[in-house]
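Asker: The structure follows.
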Amino acid sequence: MAPRCIPMKRTCPKLLTTVLFLWGLLFSSCVSVRVQYDYDKTADFSSYSTYAYYPELETGLSQLDSRRLMKALDSVMQGKGFLLSEEPDFLINIQSSSYRSPQNSAVGVGMGGGGRNVGGGVSIGLPLGQGNLEREIVFDLVDSQKDALIWQAVSTSQFNENATPRERERKLREVVQKVFARYPPAK
């Protein structure tokens, strides 16, 4: 008897759709900037129109990356109508750290055998490569009169230590745009 064939018309589109969805999910999870927000619900964000950076700002970034980040931040803030001032309504503090994300790719190798009423198996996982280098940047906005934290965003994204200056600038601009897309918060 000949094996039964599965009709291609029904199987291929579903399989293709599933494969494309999984590929897109995998790709998007690798390159995105993830952001977590928190803010003081009692703060009147409409009263803030000027900003400055902490005088003793130590971002944890290289001097060049700090300048790139602040340039991107100035562009976004001024695009939202905020002015850089020597007597600001709020101060911006920036801190960053880099770390390797846990390894989550592995190959499983297994052996097994069995016969009659006896069975057995051995399986091991072999890690592939190393974890990705991640950079976390924390943005604190502090009311300059009350010395109180009013808004905070924590961004996490992949980081390439061998990136060109142009790539670094593009990535930092992407981080700042994503972080400040939700500032000021909607009431």
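The values are calculated or read from the model by the stated rules, or taken from the named source; none is laboratory data. Fair warning: this is a prediction, and the values are worked out from it, not measured in the lab. Methodologically, a virtual Cβ is constructed for each residue, glycine included, from the backbone with ideal geometry; neighbour enumeration extends over all protein chains shown.
Asker: Residues to consider are Val175, Val142, Val122, Val179; find the one that is over 30 Å from Thr42 (Cβ atoms) and either modelled with pLDDT under 95 or aliphatic (A, V, I, L, M) (or both).
Answerer: Being over 30 Å from Thr42 (Cβ atoms) and either modelled with pLDDT under 95 or aliphatic (A, V, I, L, M) (or both) holds for just one of Val175, Val142, Val122, Val179, which is Val122.
Asker: Against the condition among the small types (Gly, Ala, Ser), modelled with pLDDT of 95 or more, within 18 Å of Ala153 (Cβ to Cβ) and in a loop (DSSP other than H, G, I, E, B), how does Ala43 come out, does it pass?
Answerer: Yes; evaluated as a whole, the condition is true for this residue.
Asker: Only residues in segment 30-52 that are in contact (Cβ under 8 Å) with a residue 40 or more places away in the chain and over 14 Å from Leu141 (Cβ atoms) count as the first member; pair them with residues that are part of a strand (DSSP E or B) and among the aromatic types (Phe, Trp, Tyr), Cβ under 9 angstrom, at least 6 apart or cross-chain, and list the lot.
Answerer: The qualifying pairs do not exist here.
Asker: Working only within segment 54-106, note down all residues that are free of Cβ contacts under 8 Å to residues at least 60 places away in the same chain, surrounded by 13 or more Cβ atoms within 10 Å (Cβ to Cβ), within 21 Å of Gln152 (Cβ to Cβ) and among the charged types (D, E, K, R).
Answerer: Asp74, Asp89
Asker: Let me ask you something else. Name every residue in segment 80-95 that is among the acidic types (Asp, Glu) and either under 14 Å from Tyr183 (Cβ atoms) or within 27 Å of the chain's Cα centre (by Cα) (or both), in order of residue number.
Answerer: Selection gives Asp89 alone.
Asker: Is it the case that some residue within segment 79-97 is in contact with a strand residue (DSSP E or B) (Cβ under 9 Å, 6 or more places away or on another chain) and modelled with pLDDT under 95?
Answerer: yes
Asker: Hey, any hits in segment 179-187 for a residue that's touching a helix residue (DSSP H, G or I) at 6+ places or on another chain (Cβ under 6 Å) and part of a loop (DSSP other than H, G, I, E, B)?
Answerer: Yes, segment 179-187 has at least one match.
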